[in-house]
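The values are calculated or read from the model by the stated rules, or taken from the named source; none is laboratory data. Everything numeric here is computed off the predicted structure, so don't read it as measured data. Cβ: placed from backbone, ideal geometry, glycine included. Neighbour counts: every protein chain shown.
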Amino acid sequence: MARGFNKVILMGNLARDPEIRYTVDKRAWARFTVAVGRQWKDRNGELRDSADFIPVVVWGPQAENCERFLNKGKGVLVEGRIQTRNYDDRQGNKRYVTEVLAQSVTFLGGGRRDESSPYDKKEDSDKGSFASFRDKGFNGEDFPLDISEMDDGIEDGGDDEADIPF
């Protein structure tokens, strides 16, 4: 049989909080759904918006980190592979599930933090989330964004680096 290629890269926002569980041998796994927005033109040429809701499963310490730092609405970048499995439900019917088995999850927005976090919540709250871009007037037409056009009060030639949100 020929060797195949199964690679998925998703960028979107969590549609719900991660749900963590543990196997009998205490291995953590988490499940969450990523909402990925898309636009298209209908038959009349009008721009339409929609979202795909993609189930993701992540294992091990990364699952615990997802449960700890992510919550509904936060941005994520997921890399992994598509997995299809089946099981019999309580009524004996065969059910099929297609999901992304994550190999890495990158947090793009400021997730919830526990009380022992060294980061100031107020300072971190508006950096990195997709909503903060919309609030500042950036929309889909502005990307790709030329960072040099952003004015953070840093004069040209200064030694300070711009605070890039990604």
Checklist entry - Among the residues of the stretch 69-86, is there at least one that is assigned to a helix (DSSP H, G or I), surrounded by 14 or more Cβ atoms within 10 Å (Cβ to Cβ) and out of contact with any Pro (no Cβ under 6 Å at 6 or more places or on another chain)? => result yes
Checklist entry - Say we look at the stretch 22-53 and pick out the residues that are part of a strand (DSSP E or B) and acidic (D, E); which of these is surrounded by the fewest Cβ atoms within 10 Å (Cβ to Cβ)? => result D49
Next on the checklist: Against the definition (part of a loop (DSSP other than H, G, I, E, B), surrounded by 10 or more Cβ atoms within 10 Å (Cβ to Cβ) and of a type in the set (G, A, S)), how does G12 come out, yes or no?
Outcome noted: no
Checklist entry - Somewhere in the stretch 39-46, is a residue touching an Asp or Glu at 6+ places or on another chain (Cβ under 8 Å) and modelled with pLDDT of 90 or more? => result yes
